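Chemist: Have a look at this one before I ask anything.
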């Protein structure tokens, strides 16, 4: 069995498959039908689950392409994840507690705007400021509100591997369709340690992982060449690239091909990221701006209308620039002033948007004819 260049490719010969069949105590109907008997392939100690129906059609937890020549079969594992995911802000009541009632109204409004997915308990969601019980309450609430209508990514990043595994298992049990995992650090972490961290999380769950590269707060950077190594962890199917260098998207594509779906992590980098190969957008949203952002994503990624997407992007750029310099949670929560959905203030030590920037935000929203 050979592991070749990304996208992750496995070449199996007859003896490899027969060994797997023997190990799994499976019996193919005929010698030439050995492939349907294989329910699992092991690649560099990474288990890839495969299943076959009565017609011997290949199905897999991951997108697959399969071709067969004689006794050789090539199975290519790729990622087809894409879309616009809303980074769900965590609403706080005036008492400072999580406001689950506001969360319900907020998430429902975001789903109605047409997003493809939701991400909760991650960095911009103020996940780092939540207690464990608050994390679990928000996860349960968001998954229940989504009710299978959209995908739900749940943040499972933590400083210790043990804690990340606990968060990951709880997220899966609560209905998450994927995990968002960043490499949080206190002491410096080597690449080998980071790899083992993600491998341990991957082995503890059965849902995909979106690797979140955000080196500014985490002090660990998944550079493109490091992602080549991470590609052998099959459960990692996508990357949220938030290093601040948009050219990383191009380099990841060059080194890893279609192995990972790449998600843009910054509003203001969206156009350039898609030109360089991104297929998804992780965006903090408030219902006031959600439909405009969904329209921008659809125009850019689905309709592929470059002039129209450029116009929409330029209209939203003043807002995106405000996010960049004054904070996404602070700015989005400030929009509650003009909305029935109240997200409250950020949790200290973060402060609300200052008065001068609040005035600027109001003018931007008026220019966009949103208030």
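Chemist: If a/c stays under 1.5 just call it rounded; otherwise compare a/b with b/c (prolate if a/b is bigger, oblate if not). Do that for the stretch 83-303, with a ≥ b ≥ c from the square roots of the Cα gyration tensor eigenvalues.
Modeler: Note, shape of the stretch 83-303 comes out oblate.
Chemist: Hey, quick one: spin label on residue 144, modelled 7 Å out along Cα-Cβ, who in the stretch 169-185 has an amide N within reach, i.e. under 20 Å?
Modeler: 169-178
Chemist: Evaluate E = 1/(1 + (r/R0)^6) for residue 363 and residue 275, where r is the Cβ-Cβ distance and R0 equals 51 Å; express this FRET efficiency to the nearest 0.05.
Modeler: E between residue 363 and residue 275, to the nearest 0.05, is 0.95.
Chemist: Cα-based Rg of the stretch 225-371 per 2.2 N^0.38 Å, rounded to two decimals?
Modeler: Against the empirical 2.2 N^0.38 Å value, I get 1.15 for the stretch 225-371.
Chemist: Further question: Working out 0.36 nm times the residue gap between residue 169 and residue 303, then minus their Cα-Cα distance, what length gain in nm do you get to one decimal?
Modeler: 44.5 nm
Chemist: What full-extension length gain, to one decimal in nm, is calculated for residue 192 and residue 112 as 0.36 nm per residue of separation minus the Cα-Cα distance?
Modeler: Computed gain between residue 192 and residue 112 is 24.6 nm.
Chemist: Can you figure out the FRET efficiency of residue 206 with residue 229, using R₀ = 22 Å and their beta-carbon distance, to the nearest 0.05?
Modeler: According to the calculation, E is roughly 0.45.
Chemist: For the stretch 83-303, calculate the relative contact order in percent as a whole number, restricting contacts to Cα pairs under 8 Å that are 6 or more residues apart.
Modeler: It rounds to 20 percent for the stretch 83-303.
Coordinate-derived values only; no laboratory data. If you're wondering where the values come from, they're calculated on a predicted model, not measured in any experiment. No Cβ is skipped: glycine too gets one built from the backbone with ideal geometry, and neighbour counts run over all protein chains shown.
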